[in-house]
Amino acid sequence: MQSVAWEIMDIITIGLGLGLCGGLGASIWAAKNLQNELTKMQESGAVEHSENILKLSNLNSEMLNIRQEVSDLNELLGALKATNPELSSAIDAHQVLSSIKIEDYKENYARLLEIIDGLCIGINPTSDNHEIELSEVKKSLLNTILSNLKEAEISFSHLNPNPELAKKLGFFALAKSDLELATSCFGIAYRVLSGDDSVLLGLEKIAILEGNVQSRRQWMEARIQLDPDNPELLRSHAHLLAQIGDDAAKKDIKRLEALGVDTAADRSLLSGLMARAGESNEALEKIEQALAQDPSRGQDWYSHAEILFELGEPRRALDSVERSIELQRQDGPSWALKAKLLTVLNAPIKDSLRAATHAVALEGGGTDLILLKSHLLEASGSTNAAEESLLKAIADNPMNGELRARVADQYLMSRRLGEVEQLLAETPTNCDHILLHVVEGRLLLAKADRVRDGTGESDEQLLQDALQAFNTAIEMDRESGLAWLGVARAKRLLKDTDGSSESLRRASRLLEDTDSSVAGEQALLALESGDLVAASQAIDLADINGETPLISYVRGNIAARRGEFEKALVHFEETLTMDPGHIRARLNRCSVNLLLENSPKALDDAEILLEIAPNLLLAKLRRAEANMALASWSNAVEDLKEIIDTVPNHYHALTQLASCHMALERPERAEGLLNEALRINPEHAEAWHQRGLMYLDWKNEDAALSDFESTIRCRADHMDARLHIAALHHEGGRFEQAATAWMAVLAIDPDHEAARVRLSECESAIRA
């Protein structure tokens, strides 16, 4: 608080000083004007002598007052400058900026240099303290002068500054990330002060900001020559060398050890360098010293486990990696090492798989862990086998239908539908396996997602073909939980709720409790019937075994059904983070963004969807609606026409196309489209509403009123239609009908202020 207060006082003082400068100038100007007046009056013969004497007397008096005022101001300004050198430099800078034009800067190098030097008071460029302790006013003045120099095409070096000033200005430039100016300043300083640590520090900081490791090393080593026992310099140098793979870093750490200032982190670094050099026993000794000094460093426990694993002590290593995970749960390499250790120790597969899954999710372990996870998944019966390991197995065993199916399912999970089709098509004639039919069914369901029409309905034939594939799998093995789960999904999409429910019961008895797919499907089935409570209970059950794209997708749907759109967005985002190719999640996020008027984001999702699935009409409709919201009417018209060409009875697309024509001031094209939409679906509220707006635009209020009433008959909560009905009655002087209409608006939105005011007007009119 004190520093803030002093800064405020500094600003006030500087402001006062600058104000005095202005006042002094004004007084001098007034005195000049009075002197000119006196001269004129003395020279004028047209004025009466007596009057001249009186006026001269008055002017002389004013002149004396002004001179006294100038004197007082000069004294006050001098006092302020004497007691506050920083104020003096700010005032001088202000005067220079006011009096010297930019084009005249080349003739005033000495004065400019003096001003910059004064403004740099407060910059303390030492190796331990290079803070920029300048007021905002002085920073602003300094930036203005530097900007003017640049505009005048004058480099700072042209001013021929001394190295100390160059050094100060260099740190000022670093503080505002002006690397060009900083480089120039420290270059000037270095030519004279090559052995100055603060200059070398400035050059090192430039290298850091530029990302130039070799240059940083050069300046750092120059600093170490000046101060070879500086612990922080030695430590920073060691870490830099370790970063670029130079084992010479060990020399720095051993120097810290000799000085008696080595830390746990230093010992850890040395241990890592020794381990990298194959000195495992020495590395173990150093990392154990580090842990004895500070046992809270999770990375050191990981290093300890790695070394023990290398030395053939997996059980001790497992204890250490567990400590590492306790301290840093999101560390991928620790989870990767745990998975390897559990596999070596023949731990339960589920434990190894859990660790491997964490590792891969956290990008720990690289290719080895991906392969290990594939092995563990295969050993546990999971269908999410890794592609690389299975592809080789297929090449070696072309008649192994299970392997082919696992690879195909991996492709399917990554939305590579073409490759799935190819794998299935290349299956040898005599090769058959139940999983091949399950994957075929899933492929057909995925295709159905990509060709849904603009109303959201999937292609029925694709769904029937998928159902047939799952049924074929069941004929081969009636105890296949995966096949029954597929049947449940296909029947749900075919609106066979009872059949889907029964198939789910069969699947739940056959699949592992750890498989969340059944609970997820149960939640989706509950959503189809509108039972949000049952859907939430089902998905909560699924969540016990960990988050999956299906779980977050269902949670998003539940939130959207409840009108919790912001929450729904979060869940759909989670789904897409885990599975960027999730068609339904992206579609739903697109729709929610439209509802929340996030039109650009909705448009982005629609574009991505059409890249993934060019024939997805529902995505094309959403793109059209996003473009409408962004007033990009021509683009919207293009998409809507394509939809109607494909599905001529698409009443919603007809309605939206009519809206575009109205926006483009082509209402004559809109009427026929709206009439056709209402012929196809007389219960389509939006078509009634749009036609009402069209009639209203044509001043046919009776027809408009009729259509707005049809709108609320189809959708009682249509606020815009109710507002138009109320307004039309009100403006027509039908106050009783208007009052009823305004009350209907307030029933939907009790806080609607305009409706409340207009209702009051109606009641007054009725009473009168």
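The values are calculated or read from the model by the stated rules, or taken from the named source; none is laboratory data. Please read these numbers as outputs of a predicted model, since none were measured by experiment. Note that each Cβ is placed from the backbone with ideal geometry, even for glycine, and that neighbours are counted across all protein chains shown.
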So, of the residues in region 641-679 that are more than 41 Å from the chain's Cα centre (by Cα) and basic (Lys, Arg), which turns out to be modelled with the highest pLDDT?
ARG679
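Where residues in region 711-738 are in a loop (DSSP other than H, G, I, E, B) and of a type outside the set (A, V, I, L, M), which of them is surrounded by the most Cβ atoms within 10 Å (Cβ to Cβ)? Spell out the reasoning first.
Kept after step one, since they are in a loop (DSSP other than H, G, I, E, B), are these residues of region 711-738: 715-718, 732-734.
Next, from what is left, pick out any that are of a type outside the set (A, V, I, L, M): 715, 717-718, 732-734.
Working: ARG715: 15, ASP717: 11, HIS718: 20, GLY732: 13, GLY733: 9, ARG734: 14.
Once the filter is applied, the top-ranked residue is HIS718.
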Count of region 251-289 residues which are in contact with a His (Cβ under 9 Å, 6 or more places away or on another chain) and modelled with pLDDT of 80 or more
3
Scan region 201-228 and report the pairs whose first residue is under 13 Å from SER177 (Cα atoms) and whose second residue is polar (S, T, N, Q), with Cβ atoms within less than 6 Å and a gap of 6+ or a chain change.
ILE206/THR183; ALA207/SER215
Go through region 645-673 and count every residue that is free of Cβ contacts under 8 Å to residues at least 24 places away in the same chain and either hydroxyl-bearing (Ser, Thr, Tyr) or within 20 Å of MET719 (Cα to Cα) (or both).
0
Evaluate region 225-242: report whether one residue or more is among the polar types (S, T, N, Q), out of contact with any Lys or Arg (no Cβ under 8 Å at 6 or more places or on another chain) and at pLDDT 90 or above.
no
Filter region 488-509 for residues that are farther than 18 Å from GLY441 by Cα and at pLDDT 90 or above; the one that is surrounded by the fewest Cβ atoms within 10 Å (Cβ to Cβ) is ASP498
Among the residues that make up region 426-445, is at least one of them farther than 19 Å from ASN615 by Cα and free of Cβ contacts under 8 Å to residues at least 24 places away in the same chain?
yes
Quick one: in region 530-548, of everything that is within 31 Å of the chain's Cα centre (by Cα) and of a type in the set (S, T, N, Q), which residue is nearest to ALA559 (Cα to Cα)?
SER536
Working carefully through the options SER389, SER458, SER380, find the one that is surrounded by 18 or more Cβ atoms within 10 Å (Cβ to Cβ), modelled with pLDDT under 85, closer than 30 Å to GLY332 by Cα and among the small types (Gly, Ala, Ser).
SER389
Qualifying residues in region 209-224 (those that are surrounded by fewer than 16 Cβ atoms within 10 Å (Cβ to Cβ) and part of a helix (DSSP H, G or I)) - the one modelled with the lowest pLDDT:
GLU221
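Considering only region 121-196, give the helices (runs of 4 or more DSSP H) lying wholly within it that have at least 1 residues that are of a type in the set (S, T, N, Q), surrounded by 14 or more Cβ atoms within 10 Å (Cβ to Cβ) and at pLDDT below 90. Quick ask: steps written out before the conclusion?
On the way: elements: 136-151, 163-175, 179-192.
Of the helices (runs of 4 or more DSSP H) lying wholly inside region 121-196, those with at least 1 residues that are of a type in the set (S, T, N, Q), surrounded by 14 or more Cβ atoms within 10 Å (Cβ to Cβ) and at pLDDT below 90 span 136-151.
Yes or no, residue by residue, for (1) over 20 Å from ASP294 (Cα atoms); (2) modelled with pLDDT of 90 or more:
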position	(1), (2)
GLU310	yes, no
ARG316	no, yes
LEU341	yes, yes
LEU345	yes, yes
Please work out which residue is modelled with the highest pLDDT, limiting yourself to region 413-444 and to residues that are of a type in the set (Ser, Thr, Tyr) and more than 35 Å from the chain's Cα centre (by Cα).
THR427
Just the residues that are under 14 Å from PHE565 (Cα atoms) and not basic (Lys, Arg), please, taken from region 588-602.
ASN588, CYS590, SER591, VAL592, ASN593, LEU594, LEU595, LEU596, GLU597, ASN598, ALA602
Please work out which one of (1) closer than 20 Å to ALA721 by Cα; (2) assigned to a helix (DSSP H, G or I); (3) not aromatic (Phe, Trp, Tyr) is the condition GLU683 fails and give its number.
(2)
Looking at GLU512, GLU479 in this structure, which one is within 30 Å of LYS350 (Cβ to Cβ), among the acidic types (Asp, Glu), at pLDDT 85 or above and part of a loop (DSSP other than H, G, I, E, B)?
GLU479
Residue check: is LEU165 within 34 Å of the chain's Cα centre (by Cα) and under 20 Å from ASN124 (Cα atoms)?
no
Which members of region 584-601 meet the condition of being among the aliphatic types (A, V, I, L, M) and crowded, with 20+ Cβ neighbours inside 10 Å?
ALA585, LEU587, VAL592, LEU594
